[in-house]
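The values are calculated or read from the model by the stated rules, or taken from the named source; none is laboratory data. These figures come from a predicted structure and were not determined experimentally. Every residue, glycine as well, gets a Cβ built from its backbone with ideal geometry; the counts of neighbours run over all protein chains shown. All accessible areas refer to the heavy atoms of the entire protein, side chains included, with ligands and DNA or RNA removed. Shrake-Rupley method; radii C 1.70, N 1.55, O 1.52, S 1.80 Å.
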Amino acid sequence: RPSSAQPRIAQTTSEPIMSDHLQQLRTWATGLEGSVLAGRYDLIQLLGAGGMGAVFLGQHHRTRRRVAIKLLLPALLSDPKATKRFQYEARAAASVSQRGVVEIIDFDQDPQNGPFIVMELLEGQSLRQLLLARGKLQPREALELGLDVAGTLEAVHAAGIIHRDLKPSNIFLASEPGETTRVKVLD
């Protein structure tokens with residue numbers, strides 16, 4: 001399923017500080033590739049990163065199921081608020097069973113790398129990537145996408161959860177062979 005293309009980490013600014021941060025992130029992520037988390041999950045390659053965590057292509061060590069694994073960034077491991085928020089994210093997403101919410105498979109703690117969330121592996125692209133490639137959506141396409149996002153947010157809000165970071169990079173357009181695009185709200 002995963003594309004053979006190397007993952008790219010998008011740089012959103014040209015500031016030198018961000019460049020240094022991205023280089024440190026790449027170095028850290030490269031060092032993790034090939035390692036095993038909690039004795040169960042092989043980390044294969046970095047898929048992307050945000051302000052709080054990095055997502056890797058992973059595989060369950062025994063079943064060989066491919067998954068997405070989110071790790072808290074090393075700089076945040078000693079921050080109790082960040083670790084608590086990360087745990088809350090896992091519990092919150094797992095508590096909502098809705099087509100537009102990414103499936104949480106597991107949540108655990110690795111002795112060396114801290115907490116991690118194991119999620120279903122999605123194929124496709126973020127709305128941000130689509131907008132960068134195409135420039136804009138057709139009105140009907142934007143309406144359908146907006147309705148899907150609103151339906152997902154309705155289910156999330158009914159569970160007492162407020163999404164505090166809704167943006168194009170957190171809206172994922174998942175594609176399966178022979179199936180229409182599914183909208184998944186991330187984070």
Residue by residue through region 111-127, which ³J(HN,Hα) values in whole Hz follow from phi under the Karplus form 6.51 cos²θ - 1.76 cosθ + 1.60 (θ = phi - 60°), with glycine and proline marked x? x, 9, 10, x, x, 8, 10, 9, 10, 4, 8, 9, 9, x, 8, 7, 4
How do Asp106, Asp187 stack up against each other in accessible area, from largest to smallest, with a 1.4 angstrom probe? Asp187, Asp106
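Taking N as the number of residues in region 123-164, what is its alpha-carbon radius of gyration divided by 2.2 N^0.38 Å? Working shown, then result.
Values: Rg = 12.6 Å, N = 42, 2.2 N^0.38 = 9.1 Å.
In units of the globular-protein estimate, region 123-164 measures up at 1.38.
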For the chain, dividing by residue count, accessible area per residue (probe 1.4 Å) in Å² works out to 60 Å²
Any lysines whose Cα falls less than 22 Å from that of Lys81, other than same-chain ones fewer than 8 residues away, would be Lys70
Can you tell me which of Leu122, Leu32, Leu131 moves the most in a GNM of the chain? Springs connect C-alpha atoms under 10 Å apart. Leu131
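Once every DSSP H run of n ≥ 4 in the chain is given -39500 (n - 2.57) and the sum is divided by its residues, what mean residue ellipticity at 222 nm do you get, rounded to the nearest 500 deg cm²/dmol? Walk me through the numbers on the way to the answer.
Working: 4 runs with 61 residues, N = 187.
Here the helix-only value at 222 nm equals -10500 deg cm²/dmol.
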Under a crude label model (7 Å from the Cα following the beta-carbon direction), how far is Gln129 from Glu144 in nanometres? 1.9 nm
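Taking the convex hull of the Cα atoms, report for region 45-167 its projected area averaged over all directions, in nm². Before the final figure, lay out each step's value.
Details: hull surface 35.5 nm².
Mean orientational projected area (region 45-167, Cα hull): 8.9 nm².
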Cα-based reach from Lys167 at 18 Å (exclusive), listing aspartates and glutamates while leaving out same-chain residues under 8 positions away: Glu89, Glu141, Glu144, Asp148, Glu154, Asp187
Read phi for every residue in region 27-33 and hand back ³J(HN,Hα) as whole Hz from Karplus 6.51 cos²θ - 1.76 cosθ + 1.60, θ = phi - 60°, with x for Gly and Pro. 4, 4, 5, 4, x, 8, 4
Of Ala142, Ala38, Ala29, the most mobile residue in a GNM of the chain (C-alpha springs, cutoff 10 Å) is Ala142
Can you give me the distance in nm between label points at His163 and Arg99, each placed 7 Å from the Cα along the Cα-to-Cβ direction? 1.5 nm
Highest-fluctuation residue, Asp110, Asp42, Asp165 considered, GNM on the chain with Cα pairs under 10 Å: Asp165
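Counting only protein heavy atoms, what percent of the accessible surface of region 143-187 is carbon or sulfur at a 1.4 Å probe? List each step's numbers first, then the result.
Numbers: 1480 of 2610 Å².
Exposed carbon and sulfur together represent 57 percent of the surface.
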Between helix 80-95 and the chain, what is the angle of the helix's C-alpha long axis to the longest principal axis, kept within 0 to 90° and rounded to the nearest 10? 50 degrees
